[in-house]
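The values are calculated or read from the model by the stated rules, or taken from the named source; none is laboratory data. Everything numeric in this text was worked out from a predicted model, so none of it was measured. Here Cβ is always computed from backbone atoms with ideal geometry, including for glycine, and neighbour counts include all displayed protein chains. Each accessible area value is taken on the protein alone, full model and side chains, heavy atoms only, with ligands, DNA and RNA left out. Shrake-Rupley method; radii C 1.70, N 1.55, O 1.52, S 1.80 Å.
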Amino acid sequence: MEPSEKDRASLIVDKVLPQFPDVGPGAVANLFGGGLINKTYLVEDGAKKFILQWVNPIFPTTIHDNIEAITRHLEQRGMWTPHLLRTRAGGLCLDLGGDGVWRLLTHVGGFSFDVIASAQQARAAGALVGRFHGAVDSLRHEFVGTRLGVHDTPKHLARLREAITTQRDHRLAGELRQLAVPLLERAEAMPPLPGLPERICHGDLKFNNILFAGPEGAAAEQPICLIDLDTIGPMSLAFEVGDAWRSWCNRNGENNPVASLDLAIFTASLDGYREGFERKLTTEERTALLLGVEWVSLELAARFAADAVFESYFGWDPSKFAGRGEHNLVRARGQWSLHEQLFAGRTARAKLLGL
């Protein structure tokens with residue numbers, strides 16, 4: 001069971017901050033941001049600022065070796081990035097057993113946005129991701145503790161088939177079947193992704209994982225760096241950029257059953273990505289970008305649909321939905337709606353990609 005915020009506040013003062021030599025005894029920590037996985041705190045020590053995080057136990061402590069390798073490499077390549085600060089014992093994180101795993105990072109002043117405001121902002125974000133991918137291409141690192149099977153599409157489709165057959169008495173079974181049948185038929189008809197080798201990826205390119213220089217004007221179109229590096233590791237380019245696009249290009253967000261695909265955002269971010277990447281994309285890579293976003297939206301629709309009757313998704317909004325199932329069904333319909341629009345517009349996107 002997670003501790004309450006009151007208990008965490010005492011823990012931070014008594015046991016956590018004293019173990020980081022960069023932080024003075026009078027520092028103050030306040031909850032910061034709205035992340036769903038880790039808990040983030042802004043630590044203020046006079047004029048100095050740090051980011052403190054309680055790390056969700058879904059992540060092994062070994063991921064901090066990955067973060068250290070990536071951030072040092074990015075710095076060497078001239079890119080701005082937060083850095084881990086070591087404990088008094090020299091560790092990259094602080095493992096307090098039952099009191100959790102904690103890490104301290106340098107504070108990168110910046111602003112994040114949940115939704116893309118303009119094509120110019122999308123282009124700048126795409127360019128940053130392209131620079132990131134180009135920079136980490138030269139890194140040689142043995143990644144440890146990475147998530148396995150995150151984009152195992154056959155597994156998610158099999159789970160949806162299981163949901164249809166084993167959860168027939170669920171209150172949402174009828175609605176699930178109406179969605180699942182065409183979804184599974186589409187999965188059978190989809191062209192396969194090119195067999196590209198995995199590359200180093202961020203792994204979670206939702207838009208608010210990009211920091212910008214300011215909240216408005218030109219500064220809001222100047223990306224600084226990527227944050228939340230827990231998910232970095234080898235991945236298919238199709239899933240990396242596909243997951244970004246299914247998030248960036250849907251103007252209605254995940255909690256709306258009807259998606260709104262913004263092709264202008266797709267075009268601008270693609271142009272930016274090409275500018276930021278260090279070499280010309282191959283035909284196979286461009287094909288992966290074409291089909292990846294279709295496969296990701298289809299995969300997520302299947303995953304959320306199965307979760308609707310298994311009631312297994314860990315977070316839902318009780319102020320808007322009667323239950324986990326209802327929330328997940330809306331999310332599934334939204335991803336299916338997005339997939340349908342992407343599928344129908346494949347020819348236009350192929351032209352933009354030069355295919």
**Complete:** Percent of all Cα-Cα pairs per 5 Å bin for segment 1-76, counting from 0 up to the last occupied bin, reads 3, 13, 21, 22, 22, 14, 4, 1, 0
**Message:** I'd like to check one number: the per residue accessible area of segment 186-263, probe 1.4 Å, reported in Å² as a whole number.
**Reply:** 39
**Message:** Just to be sure I understand: with springs between alpha-carbon atoms less than 10 Å apart, which residue in Glu284, Glu188, Glu299 has the highest mean-square fluctuation in the Gaussian network model of the chain?
**Reply:** Glu188
**Request:** Evaluate E = 1/(1 + (r/R0)^6) for His170 and Asp95, where r is the Cβ-Cβ distance and R0 equals 41 Å; express this FRET efficiency to the nearest 0.05.
**Result:** 0.55
**Message:** Can you tell me the length gained on complete extension of the stretch Lys6 to Ala218, counting 0.36 nm per residue apart and subtracting the Cα distance?
**Reply:** 72.4 nm
**Message:** Just to verify a number: what accessible area does Arg77 come out at with the full protein assembly present, 1.4 Å probe, Å² rounded to tens?
**Reply:** 100
**Prompt:** Straight-line reach from Lys49: which lysines have a Cα under 21 Å away, not including same-chain ones fewer than 8 places off?
**Reply:** Lys15, Lys39
**Prompt:** Roughly speaking, what % of Cα-Cα pairs in the chain are separated by over 30 Å, rounded to a whole number?
**Reply:** 42
**Request:** With a 1.4 Å probe and every protein chain kept in, tell me what percent of the accessible surface of segment 205-355 is carbon plus sulfur.
**Result:** 52
**Asked** Rank Asp114, Asp169 by accessible area, highest first, at a 1.4 Å probe radius?
**Response** Asp169, Asp114
**Item:** Where Arg177, Arg186 fall by accessible area, highest first, once all protein chains stay in place (1.4 Å)
**Value:** Arg177, Arg186
**Prompt:** Could you give the distance between the Cα centres of segment 111-153 and segment 194-272, to the whole Å?
**Reply:** 7
**Complete:** With Rh as the Kirkwood radius over Cα pairs, segment 191-259 has Rg/Rh of 1.04
**Asked** Could you give the length gained on full extension between Asp137 and Thr347, defined as 0.36 nm per residue of separation minus the Cα-Cα distance, in nm?
**Response** 72.6 nm
**Equivalent ellipsoid semi-axes - Cα gyration tensor, segment 238-355, angstrom** = 30, 13, 12
**Asked** Got a sec? Charge dipole of the chain, +1 on Cβ for Lys and Arg, -1 for Asp and Glu; which of Gly110, Pro318, Ile200 is way out at the positive end?
**Response** Ile200
**Message:** Tell me the angle of helix 173-189 to the major Cα principal axis of the chain, expressed in degrees between 0 and 90 and rounded to the nearest ten.
**Reply:** 80
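Which three numbers, in whole Å and largest first, are the semi-axes of the equivalent ellipsoid of segment 60-127 derived from its Cα gyration tensor as √(5λ)?
Working: eigenvalues 177, 49, 21 Å².
Taking √(5λ) for each Cα gyration eigenvalue gives 30, 16, 10 Å.
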**Asked** Using a probe of 1.4 angstrom, how much of the accessible area of segment 100-174 is carbon and sulfur, in percent?
**Response** 52
**Prompt:** With +1 on each Lys and Arg Cβ and -1 on each Asp and Glu Cβ, how big is the dipole of the chain about its Cα centre, in debye rounded to the nearest 20?
**Reply:** 420
**Prompt:** Cα axis of helix 63-76 to longest principal axis of the chain: angle in degrees, 0 to 90, nearest 10?
**Reply:** 80
**Message:** For segment 6-154, what does the convex hull of the Cα positions come to per residue, in cubic angstrom?
**Reply:** 168
**Fill in**
Rounded to the nearest 10 degrees, the helix 237-248 long axis (Cα) sits at an angle to the longest Cα principal axis of the chain of 90
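Find the accessible area per residue for segment 307-355; the probe is 1.4 Å, ligands and nucleic acids are left out, and the unit is Å².
Value returned for segment 307-355: 46 Å² of accessible area per residue.
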**Complete:** Mean accessible area per residue over segment 5-52 (1.4 angstrom probe, all protein chains present, square angstrom) is 57
